[in-house]
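Coordinate-derived values only; no laboratory data. Note that the coordinates shown come from a computational prediction; the quantities given were computed from them, not determined experimentally. Reconstructed Cβ throughout: ideal geometry from the backbone, glycine too, with neighbour counts over all protein chains shown.
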Amino acid sequence: MEIILKGLRLLNPDQNLDLLSDVLIKDGIIDKIENIDVSQNSDAKVFDFSGKVCVPGLFDMHVHFREPGGEDKETVISGSNSAASGGFTGVACMPNTNPAIDSAEVVKFIIDRAKGHLVDVNPIGAVTKGRKGEGLAPMLELYDAGAVGFSDDGTAVKTASLLRNALEYAKMIDSPIIEHCEDESLAGGSMNESVVSTELGLPSIPTVAEDLVVMRGILLAEYTGGKIHIAHISSKRSVELVREAKIRGVDVTAEAAPHHFTLTDECVRNFDTNYKMNPPLRQQKDVDAIIEGLQDGTIDCIASDHAPHSIEDKELEYIYAPNGIIGLETQLGLTLTELYHKGKLTLEQVVEKLALNPRKILNLEIPQFEVGEKANFTILDLDYEYKFDIKYSKSKSKNTPFNGRELKGKSIAVINNSKIYFDGQFQNI
Amino acid sequence: MSLSSNHLLGLKDVPKEDIQLILDTAITFREVLERPIKKVPTLQGKTIVNLFYENSTRTRLSFELAQKRLSADTINFSKSGSSAAKGESFKDTVKNIEAMKVDMIVCRHESAGIPKYLTQISNAKIINAGDGRHEHPTQGLLDMYSIREKVGKLEGLNVCIVGDISHSRVALSNIYGLQTMGANVSVCGPSTMIPWGMEDFGVKVYNNIDKAMAESDVLNVLRIQLERDAGVLIPSVREYHNYFGITQERIEKNNPNVLILHPGPINRGVEISSEVADGSSQVILNQVTNGVAIRMAVLYLLGTKSEE
């Protein structure tokens, strides 16, 4: 089958490419990148994307799809639908499922569930068996089954010795260890520790709980020569630690979630559990530091930490409600609205953070805009203004603080695996 | 005269006139409590639910007694721990109780913010009887009442709250209420028990009890949670008593005129010596009586207030 995408601006910073052109895709493969006369290809389906920007398919390296074990909240398919709707053609899903992704069987199960979907689902394997912090998971076996990185996300790797061994071991396959940075003995609160937590009387989590474990990861990566990736970085001091480490040449990368560059702990004042996440919303100085870190490259990518929870779980009392919000369908809009349109990141930087760098960190191929390559595109309408409405979300869960938020810029189509998602529908192409 | 709000969620942002009105109304009810027949028909026909999700003896008894003295119909609901763990969600419980047509809910909960949440899911008038480490407004009010009763005023007084400020719901209510009434509020305790950004509340912080005592007119001494704090926030109960305990010797040395309050229950020999507790027992037990009067005042003012 042939489709023609008319009037695109093709932007791929990985190829230094910024070009106005039409694209002909044949059976999912790029067949032509040139001006195409539609009348000469009467069989082809034509999409008029005049004025729209085509970038390599976006990739979110931190999502929770809850399958197996929490299918009432999200499944591999519903999560992938949400990803496609949000403009993503690939994700990496975290291993805190039940059972955890700590065996080849679970890795294969997830890959099998995602088979045939537009969105590429790449499992992250657990660092330790059952994420219990007692012994290493079979990392080589997980890798061979398709795991693209390792994490005990939800908690940090329990001990420095386990993390050291994981970093050493993962060197054999050049995989990163993705750390949820939180010192267990300082954790356990419901919000960031600040004057706001004092005022609200909620138990709190200090930023130093994050900073300590960021530092531990950096020092161990430096010592072992392994690769550490800091998940959902949220504190100013942690950003500084990563910046200094990168200057020293440590193999460290970092991601930030949109809620950490758009919201502060002031939002907790109404005790709405849709503002409860871990790491918690910090203060304005931290938000500023995250944006600065994104600007100067200290923070390599933006990742949603998409964490679906059921309504009944989120309706629990604030101290008992689970942490996390869904984010796949607001991530791009928030990034474009708050960072691109406000002049904080260039469009090239946005593409690096949302498409190129996550794949580089996980050693995945970056989509190339060349004849003969697989079409893996996200097509953006940068100026489309809308209010995010959770009613239209494809996720099975509704836990978002961004319902009703005014956004500018969204994905209008994604193409991958010989499929297009356009106008709310998947079609084979 | 009526209160500006339909609920009492905390003392933050409660205007001076409201606090004044509650304190003055309590005087009337304090008199009722001295009569041979201690009951008035004021809230006859009103239904009040005491929704206690956390253990409480004193506060619940005090509220219950206040309700009975006002002739309200009361029902009690006690539960502890996460609502989900018990099978029914908090929201469903509240919705069920509300379906029984209640006028007011008095709520104690270990999670901060629950009283505010109640105002969103219920049409009843809500009184916060303590939420997490957040607020305990009727305790704040009764402390103010007790101080005013003893000293005759609140304005310009130096009031120091002593103990574990971080984990206290009484501290914030005291701070907000007393500041609104023109008192200077300070806190005193080991630095592990002083919460983040205390100075931002306009509160002076002491780590030295002798200094705090010398510079204060009133000490409001909070209970130390023995089982939770020893070995964690403080090395031992003994060290706490030696460095922060209120003793007769300290009072005589620093400020013989200082007024000692304690919201109870008292740990004798920990935050306060037996000698001081007994010496101040009249004030401390009077606080308990005042608590009933204050709760009667709050229940009366909210219960008879017409919805706007």
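What to note about this one:
- Length available on full extension from B:SER4 to B:ASP200: 0.36 nm per residue minus the Cα-Cα distance, which gives 67.9 nm.
- The ellipsoid equivalent to the alpha-carbon distribution of region A:93-214 has semi-axes of 30, 18, 11 angstrom, derived from the gyration tensor eigenvalues as √(5λ) and listed largest first.
- Each Cα pair under 8 Å and six or more residues apart adds its sequence gap; the mean of these over the residue count of region A:202-354 is a relative contact order of 22 percent.
- For region B:137-287, Kirkwood radius (reciprocal of mean inverse C-alpha pair distance, Å): 15.0
- Helix A:160-170 vs. chain A, principal-axis angle (Cα, 0 to 90°, nearest 10): 30
- Of the GluC sites (Glu not before Pro) found in region B:1-76, the ones in coil according to DSSP and having at most 14 other Cβ atoms within 10 Å of their Cβ are B:GLU34.
- Spin-label model, B:ALA214 to B:SER71: label points 7 Å out along the Cα-to-beta-carbon direction sit 5.6 nm apart.
- Rounded to the nearest 500, the 222 nm mean residue ellipticity of chain A from helices alone is -7500 deg cm²/dmol, with -39,500 (n - 2.57) taken per DSSP H run of at least 4 residues.
- Annotation for A:LEU219 and A:LYS285: the two label points, set 7 Å from Cα along the Cα-Cβ direction, are 2.3 nm apart.
- Fewest-first sequence of A:MET1, A:MET61 by Cβ atoms within 10 Å of each Cβ: A:MET1, A:MET61
- B:LYS39 versus B:VAL232: modelled label distance in nm, points set 7 Å from Cα along the beta carbon direction: 4.4
- Average Cα contact separation per residue, chain A, under 8 Å, 6 or more apart, as relative contact order %: 19
- The H on the amide N of A:ASN122, modeled in the peptide plane, is under 5 Å from the matching H of A:VAL91, A:ALA92, A:CYS93, each at least 5 residues off or on a different chain.
- Listed cross-link partners B:LYS68/B:LYS101; A:LYS108/A:LYS394; B:LYS46/B:LYS125; A:LYS26/A:LYS410 are compared with a 21 Å cut-off, the Cα-Cα value being larger for A:LYS108/A:LYS394; A:LYS26/A:LYS410.
- Förster-model FRET efficiency, 25 Å R0, B:ASN207 and B:GLU275, C-beta, rounded to 0.05: 0.55
- Whether region A:274-365 is rounded, prolate or oblate, judged on the alpha carbon gyration tensor where a/c under 1.5 counts as rounded: prolate
- Per residue of peptide A:147-160, the mean number of Cβ atoms on other chains within 10 Å of the residue Cβ is 0.
- Considering region A:58-361, its Cα convex hull presents a mean projected area of 13.9 nm².
- Taking 17 Å as the straight-line reach from the Cα of A:LYS344, the lysines in range (excluding those fewer than 8 positions away in the same chain) are A:LYS285, A:LYS353, A:LYS408.
- Multiplying each eigenvalue of the alpha-carbon gyration tensor of region B:129-183 by 5 and taking the square root yields semi-axes of 20, 11, 9 Å, largest first, rounded to whole angstroms.
- Rg and Dmax of region A:196-291, based on Cα coordinates, read 14.4, 45 Å.
- Couplings for region B:44-55, taken from phi via the Karplus curve 6.51 cos²θ - 1.76 cosθ + 1.60 with θ = phi - 60°, read 4, x, 8, 10, 10, 9, 9, 9, 10, 8, 9, 4 Hz in order; Gly and Pro are left as x.
- Efficiency of FRET between B:SER306 and A:ASP37 - r from beta-carbon atoms, R0 60 angstrom, step 0.05: 0.20
- Binned Cα-Cα distances of region A:212-364, short to long, each 10 Å bin given as a whole percent: 11, 39, 34, 15, 1
- Beta bridge orientation in the protein assembly as shown: antiparallel %, DSSP, nearest 5: 35
- Region A:1-111, Cα convex hull volume normalised per residue, Å³: 135
- Lysines with Cα under 29 Å of B:LYS253, excluding same-chain neighbours fewer than 8 positions away: B:LYS150, B:LYS153, B:LYS204, B:LYS211
- Shown in residue order for region A:101-107 are the 3J(HN,Hα) couplings computed by the Karplus curve 6.51 cos²θ - 1.76 cosθ + 1.60 at θ = phi - 60°: 7, 10, 9, 4, 4, 5, 4 Hz (x for Gly and Pro).
- Using alpha-carbon coordinates, inclination of helix A:76-86 to the longest axis of chain A, degrees: 70
- Gaussian network model of chain B, springs between alpha carbon atoms under 10 Å - residue of B:LEU43, B:LEU51, B:LEU233 with greatest fluctuation: B:LEU233
- Using Cβ point charges alone (K and R +1, D and E -1), the dipole size of region A:58-361 about the Cα centre works out to roughly 520 debye.
- Theoretical gain in end-to-end length, A:TYR384 to A:ILE29 [0.36 nm per residue, Cα-Cα removed]: 125.0 nm
- Percentage, to the nearest whole number, of Cα pairs in chain B over 34 Å apart: 21
- Every helix of 4 or more DSSP H residues in chain B counts as -39500 (n - 2.57), and over all residues that averages to -12500 deg cm²/dmol at 222 nm.
- Rg and Dmax of region A:351-421, Cα atoms only, in Å: 15.0, 42
- Ordering A:ILE111, A:ILE228 from the fewest to the most neighbouring beta carbons within 10 Å gives A:ILE111, A:ILE228.
- For the protein assembly as shown, alpha-carbon Rg over 2.2 N^0.38 Å: 1.12
- Computed over region A:255-303, the quotient of the alpha carbon radius of gyration and 2.2 N^0.38 Å is 1.15.
- Taking a sphere under 15 Å around the Cβ of A:THR159 and counting the other residues whose Cβ falls inside, with K and R at +1 and D and E at -1, yields a net charge of -1.
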